[in-house]
Every structure is written in structure tokens, then in C-alpha cells.
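Here the structure is laid out as C-alpha cells; the discussion comes afterwards.
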Amino acid sequence: MKTIFKNISIITQDKNSAIIKRGFIVVENEKILKVCSGKFKVKNNKNNTIINGQGKIAIPGLINSHIHLGESAFPFFLPLKYSLEKYLYLTEKLIKDHPEFETYRNVISDYSILLSLKSGTTTIAGGRVHDSAQKWGVRYISGIMVMNSDKLRKFYNKTDEDIKKMKKEISMDLGSLAIFIHSLPFIDKNKINEISKIKKTNKTLPIFIHFLETKKERDSIKKYWHKSPIKILKEAKLFNKYTHLIHCNWVTKKELQNIIESGCNIIQCPSTNIIVDNKILDLKEIIENNGRVSIATDGLSTGKSLNLLKEAKTAYEYHNRKKETMSAKNIFDLITIEASKNLKLNKKIGSLEVNKKADIAFLDNKININSYNLYKDIINNGRISGVMINGKLIIWNNKVIKKLFSEQNIKKKFKSLIRKIKSSPTTEERLNKLK
Ligand SMILES: [Zn+2]
């Protein structure tokens, strides 16, 4: 069975950054069969679905290299007065001791995925996203969460066993496995040795780690490890192109250079980084030095939204606040083709080319393909009205395809949950009991 999008503009993000002003895309099963300019000659085949893309622009499905889903629930329950470790401890304990929190977390995960899809994201990477991603048919990288500081140890202490279990759960079609180390202050020496051992026989297994997000983090690392953060990763043989360093806001110039040379991927979350520290790294400098960098949203507990185009806009405005130093195209690459290279998924996704998986986002008719500022228009004003993942159309003309799930239901559940939490007198009591 084929799906054909005809009369459509296409931003391919292939190696020539080709733009097709009017053409068609043929999708067969989960793959792209043709990306062509010109008119589609209709053949009389009832098995094919022909969709008129008049006025729309097809772009590669956006890739969010760092997201949290269900964790977004907790700011509604937990006052921000707690330290990060205490906060993580309480969230784990809430889930363990009050089963209804697992249900809450699912409602919020569904809502987060809906927001992601509606803004054109087709691939997400995050510690515990696989259940929701699988349910919704979103491409994902997910896996084991590792946090084993004194307080957090009892929730996470079986990395090896968990990997075996998780390997079975990850769908081959859409998913791939990774290890998510929360951050260096929340992991001990034994655990990092254990991960190092696992990596010996799984060299390409990706490692994601929040890295030097805050000054406090840097101070805690110094206190516990008595070593520089990069030395810790180097000694564990985790300082290479399969490691993704999230944030990196407190790296020194020399450390940044070391990271660039190592091939590690830097994941910047502009809104979060600006909220936390009022700065983001100089993305242009990283790119010019052949470093790897992607843009992501982070979760709703810290970030402003799960809309990657908005994150791109934030990065663009930040870099060009005095004069234009970074082009919108450069930034658009960091949520499409460059993000796919950094995640080692570029054979499958990141551009609209023959034989790649059909992960496509469709911009509505607000953007003019002939504009001189096309990429700037897209990150400033682009609105997504359709999404296809792995050859399956999930949203078209702003409507979630009904058979898959009900958008209204998800929003309704989310709203009533928030109302319930806000009017609940018991949250504080529960927390007091848990402490
Ligand atoms: Zn994060």
C-alpha cells in the first residue's frame, strides 16, 4: 500500500539541502519510495491513498534529543523548595507508595506526547519514554535510568538485569536502547564501573547524562569525586561519540574544546538553559570547530514548552540578539539532519530521501516556500498541521487521526487531573508522611 502526497512543497534536508517547490512524495509501507518535483501522474490503483498537499510544506519529522514525559507531573505536587536529590527521591517514593501517581504520570505522559506530535516531533530521546512512545507510535531512544546516590539507590540498582529486560521491551521498529545516567552527583563509583563494563561489550550503546547544568552540580562533583567531570568520563571510557552530554552550561573553554575533540554530542535545551542560568553555549563556535550539537526541549518541569520549533526560535534570537551570527538554517539543522547524525540514526531519519523511514512533519499554509527568509519564517511562524511516523499518518489538517486516539480525551483527562491535584488537601500531608 502506498500513500502519495501530491502538489506539495518539500524541504528535503538532504546533503544539498534541496528544496522542491512543487512535487510529490510516495511512501510505501514505512519507507519513502520517491521524492520528486513536478506533477504526480495518477495511476488507477485503489490500494493507494492520494493526499493533496496543496499549500503545505513537508519537512523531516523533528528530532527531540532530550525530553522528560511523566516527570512533568511533579511540579504540580512538589514545591520547588527541595534540593534536586530530595525532589527525585520524593518523586520515586510518591510513585512507589501511592499507586495512583503512576496513573497520573501516564496521563501527563500522554499529554506531553500529544504536544510533541502536534508541534512536529517524530523522534524523542529520554530516560523513561518508551511506554508512551510505543503506545503512540513515536520513534524513540529510551532505556535504563541510573541514579544510585545514597538516597536514590534503593530505586535503581540493577542496571545489568534492567538492560536485559528492557532489550525485550524495546520495539525493533521504532525504538532503540540507551543508558540514562541522571548526572555525576547522583551516581557512585561502583555504578560507573558497572556501566563501563557493560559498554565494553556494547560499544555503540548510547549514554545520556545531564552534564554540568548548574554550578551546584560542578561543586557536588568536586566534593564527592575529587576529580574533574571529564576525567571521570574518560576513566570510565565514556568520553566518546556515543555519549550525549545534556546542557554543558558550566563547562570551561578548555573543557568545551575537549568535548568537541572527543566526539561527544552536546545537547542544548535553550529555554531551560536560559531560565536556569540566563545563558546558552555558543552553538556557532561548536559547529565551526566541527563539534556535535543538537537542540532539545527538556521536560515541562523546567522548559517552557515541548515545541522544538519554539526552541529553535529561542536559540536563534539568543544568538542574534546583537547582530546576526547564526543562520536560521544552521539552527533548523540541529533539530533535523544534524540531530539524526548525532543520534546515529541518520541512515533512517533526519531528511526526506528515498529509502529513509517516512517520518514527515507538514507545515500549514502560513509559510511561503518562495520566501528569502524561508528557514527564519519556519522557526518564527511555522505551525505544524500534519505528522507521519514510520509511514503511518498520525495527524492531518490539525486533527489526530481518530482511530489512533482521542485528542479531546487526553486533554480532558489532563485538565481534570490538574484540577484534582490543585484542590487536593492531601498532597502536602502525603509528602510529610514520606519524609
Ligand atoms: Zn533533563
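The values are calculated or read from the model by the stated rules, or taken from the named source; none is laboratory data. Here the structure is a predicted model, which means the values were calculated and not measured. Backbone-built Cβ (ideal geometry, glycine too); neighbour counts: all protein chains shown. Note: areas computed on protein heavy atoms with side chains; ligands, DNA, RNA excluded. Shrake-Rupley method; radii C 1.70, N 1.55, O 1.52, S 1.80 Å.
Of the residues in the range 235-243, none is within 16 Å of the ligand (Cβ to nearest atom) and open to solvent by 10 Å² or more (accessible area, probe 1.4 Å).
Of K313, K322, all but one fail to be away from the ligand (no atom under 16 Å from the Cβ), in a helix (DSSP H, G or I) and either in the same structural domain as F208 (by TED's automatic domain parsing) or in contact with a Gly (Cβ under 9 Å, 6 or more places away or on another chain) (or both); the exception is K313.
Do we have any residue at all in the range 248-256 that's in a helix (DSSP H, G or I), in contact (Cβ under 8 Å) with a residue 12 or more places away in the chain, on the phi < 0 side of the Ramachandran plot and assigned by TED's automatic domain parsing to the domain that holds K167?
Taking the range 248-256 and keeping what is in a helix (DSSP H, G or I), we get 253-256.
Next cut, in contact (Cβ under 8 Å) with a residue 12 or more places away in the chain only: 255-256.
The next check asks that each one be on the phi < 0 side of the Ramachandran plot; those that pass are 255-256.
Then drop every residue that is not assigned by TED's automatic domain parsing to the domain that holds K167, which leaves 255-256.
Yes: one or more hits.
The set of residues from the range 86-100 being open to solvent by 30 Å² or more (accessible area, probe 1.4 Å), within 25 Å of the chain's Cα centre (by Cα) and free of Cβ contacts under 8 Å to residues at least 24 places away in the same chain comprises just one member, Y87. E285 passes every criterion in (1) within 23 Å of Y140 (Cβ to Cβ); (2) acidic (D, E); (3) more than 16 Å from the ligand (Cβ to nearest atom) apart from (1). Taking each residue of the range 364-381 that is assigned by TED's automatic domain parsing to the domain that holds K21 and looking for partners that are of a type in the set (D, E) with beta-carbon atoms closer than 6 Å, six or more apart or interchain, yields I367/D377; S371/D377.
For the residues I260, I209, I266, the requirement of being crowded, with 18+ Cβ neighbours inside 10 Å, within 24 Å of the chain's Cα centre (by Cα) and more than 16 Å from the ligand (Cβ to nearest atom) singles out I260. A count restricted to the range 52-70 and to residues that are open to solvent by 10 Å² or more (accessible area, probe 1.4 Å) and either in a helix (DSSP H, G or I) or within 16 Å of the ligand (Cβ to nearest atom) (or both) stands at 1. Counted as qualifying within the range 97-201 are the strands (runs of 3 or more DSSP E) with 2 or more residues that are in contact with a His (Cβ under 8 Å, 6 or more places away or on another chain) and of a type in the set (S, T, Y), namely 139-146.
Is it the case that the range 159-180 has a residue that's loosely packed, with under 14 Cβ neighbours inside 10 Å, within 21 Å of H66 (Cα to Cα) and hydrophobic (A, V, I, L, M, F, W, C)? If you could, list the steps in order and put the result at the bottom.
Going through the range 159-180, the residues loosely packed, with under 14 Cβ neighbours inside 10 Å turn out to be 160-161, 164-165, 167-169, 171-173.
Checking which are within 21 Å of H66 (Cα to Cα) leaves us with 167, 169, 171-173.
Imposing the further condition that a residue be hydrophobic (A, V, I, L, M, F, W, C) reduces the set to 172.
Taking every residue of the range 159-180 in turn, at least one turns out to be loosely packed, with under 14 Cβ neighbours inside 10 Å, within 21 Å of H66 (Cα to Cα) and hydrophobic (A, V, I, L, M, F, W, C).
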